[in-house]
There are 2 protein chains.
Amino acid sequence: MKARIKITLKTGVLDPQGKAISHALDQLGFDGIGDVRQGKYIEVDLTETDPAKARAALEDMCERVLANTVIENYAIELDGA
Amino acid sequence: MKARIKITLKTGVLDPQGKAISHALDQLGFDGIGDVRQGKYIEVDLTETDPAKARAALEDMCERVLANTVIENYAIELDGA
């Protein structure tokens, strides 16, 4: 079973990396660029085949390892779930 | 208009960051972890309201700035398009 995890900074948390991208795009002549936020995207292959168990394990991974829940949100998508 | 861009390493390109995550999860006692791949996730706010024009601009941004198309793929999702 394949999972896709998006980890994004919470609203209100400063994102200098996103600001740098926004500024770079603007400098390169792209118009109408507003706010840019950069996050992480992680794909995980799991041997677990039960969607509920897989999601529980992934939430545990996000809480403990993958995301810093003080400043980041995470969203989990499971293939075929 | 809001766009979400996922940038992932192409198949076959080594991903040491993903390997490190996979190893860390395994060490922490998570079972059944297979391949892990880490990519980037970027949210862009655009003033452009025409979906076709917005997509064209975003593809140009990805090709020129956001992704290294030699080793990375990108996928663009537009809100309400």
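The values are calculated or read from the model by the stated rules, or taken from the named source; none is laboratory data. Source: prediction; values computed, not measured. All Cβ positions, glycine included, derive from the backbone under ideal geometry; neighbour counts span all protein chains shown.
Scanning region B:27-53 for residues that are more than 7 Å from chain A (Cβ to nearest Cβ) and in contact (Cβ under 8 Å) with a residue 12 or more places away in the chain, we see that the one that is nearest to B:ILE5 (Cα to Cα) is B:PRO51. Restricting attention to region A:48-81, the residues being touching a strand residue (DSSP E or B) at 6+ places or on another chain (Cβ under 8 Å), at pLDDT below 95 and hydroxyl-bearing (Ser, Thr, Tyr) number 0.
So that you can scan it fast, the table gives a plain yes or no per residue for (1) surrounded by fewer than 16 Cβ atoms within 10 Å (Cβ to Cβ); (2) not β-branched (Val, Ile, Thr):
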| residue | (1), (2) |
| --- | --- |
| B:ALA20 | yes, yes |
| B:VAL36 | no, no |
| B:ALA54 | no, yes |
| B:LEU58 | no, yes |
| B:GLU63 | yes, yes |
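Condition first: out of contact with any helix residue (DSSP H, G or I) (no Cβ under 7 Å at 6 or more places or on another chain) and surrounded by 13 or more Cβ atoms within 10 Å (Cβ to Cβ). Now tell me which residues in region B:24-34 satisfy that. Break it down into steps so the answer makes sense when it comes.
Applying the first criterion (out of contact with any helix residue (DSSP H, G or I) (no Cβ under 7 Å at 6 or more places or on another chain)) to region B:24-34 yields B:26-27, B:29, B:31-32, B:34.
Once the filter is applied, which keeps residues that are out of contact with any helix residue (DSSP H, G or I) (no Cβ under 7 Å at 6 or more places or on another chain) and surrounded by 13 or more Cβ atoms within 10 Å (Cβ to Cβ), region B:24-34 yields B:ASP26, B:GLY32.
With respect to (1) at negative phi; (2) more than 13 Å from the chain's Cα centre (by Cα), the lone exception for B:GLY12 is condition (1). For B:LYS40, the stated conditions hold: it is farther than 19 Å from A:GLY29 by Cα, of a type in the set (D, E, K, R) and in contact with a helix residue (DSSP H, G or I) (Cβ under 9 Å, 6 or more places away or on another chain).
Listed here are the strands (runs of 3 or more DSSP E) enclosed by chain A that have at least 2 residues being in contact with an Asp or Glu (Cβ under 6 Å, 6 or more places away or on another chain) and more than 24 Å from B:LYS10 (Cβ to Cβ): A:33-46.
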